[in-house]
1. In degrees, nearest 10, range 0 to 90: what is the angle between the Cα axis of helix 83-95 and the longest Cα principal axis of the chain?
2. Roughly what angle does helix 99-128 make with the longest principal axis of the chain, taking Cα atoms, 0 to 90 degrees, to the nearest 10?
3. What spacing in nm lies between the two simple spin-label points modelled at residue 13 and residue 25, each 7 Å away from Cα in the Cβ direction?
4. In 5 Å bins starting at zero, report the fraction of Cα pairs in the chain per bin as a rounded %.
5. Pop a pseudo-label 7 angstrom from the Cα along the beta-carbon direction at both residue 1 and residue 115 and give the gap in nm to one decimal.
6. On a 0 to 90 degree scale, rounded to 10, what angle separates helix 2-30 from the longest Cα axis of the chain?
Amino acid sequence: MFATSLLVGLGGALGSMGRYWTAILAARLWGETFPWGTLIINILGSFVIGLFATLTVPGGPLAAPANARAFVMAGICGGYTTFSAFSLQTWDLLRAGDWPAACGNIVASLLLCLIAVVAGHWLALRIGA
C-alpha cells in the first residue's frame, strides 16, 4: 500500500509538471482569452487513461501490475488532467458574462474528453488484436 502511494505521488508530480508545461505552451501559442491549455490537457489525459486502462487491464494485451496502473492512471493522469482548473476557468468566464465561451468550454470539454477516452480504448483494442 505504501509503495503504491509513493508511485502515485511520483506519477502525480510528473503529471503536474506536464500539465504546467502544456498550459504554458498553449498560452504562448493561442493566448489566454480561452482556456485552450486546460481543454487540450483534459483531452490528452482522457485519451491516455482510456488507452492505458484498456491495454493494461488484467488479461489484456499488455497486462500490467496494479502498481503500474496506479502510477499511470491515478498518478500521471490524475496529476496531468485539470478538472478543477476547468471548473474555475468556466466559472470565471460565467462571472465575466462570457456565456458563449463558458458553454463552449463545458460542451467541448465533456464531449471531446469522452471521445478521447473512447478513442484511446478503441486504439488499445486494435493494438491488442
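What follows draws every value from the coordinates through simple rules; no lab data is involved. Just so we're clear, the structure is a prediction, and the values are computed from it rather than from any experiment. Note that we place each Cβ from the backbone using ideal geometry, even for glycine, and neighbour counts take in every protein chain shown.
1. Roughly 10 degrees, rounded to the nearest 10.
2. That works out to roughly 20 degrees.
3. Simple spin-label model gives 2.2 nm for this pair.
4. Here the calculated profile for the chain is 2, 12, 17, 19, 18, 14, 9, 5, 3, 1.
5. The answer from the label model is 4.2 nm.
6. 40 degrees
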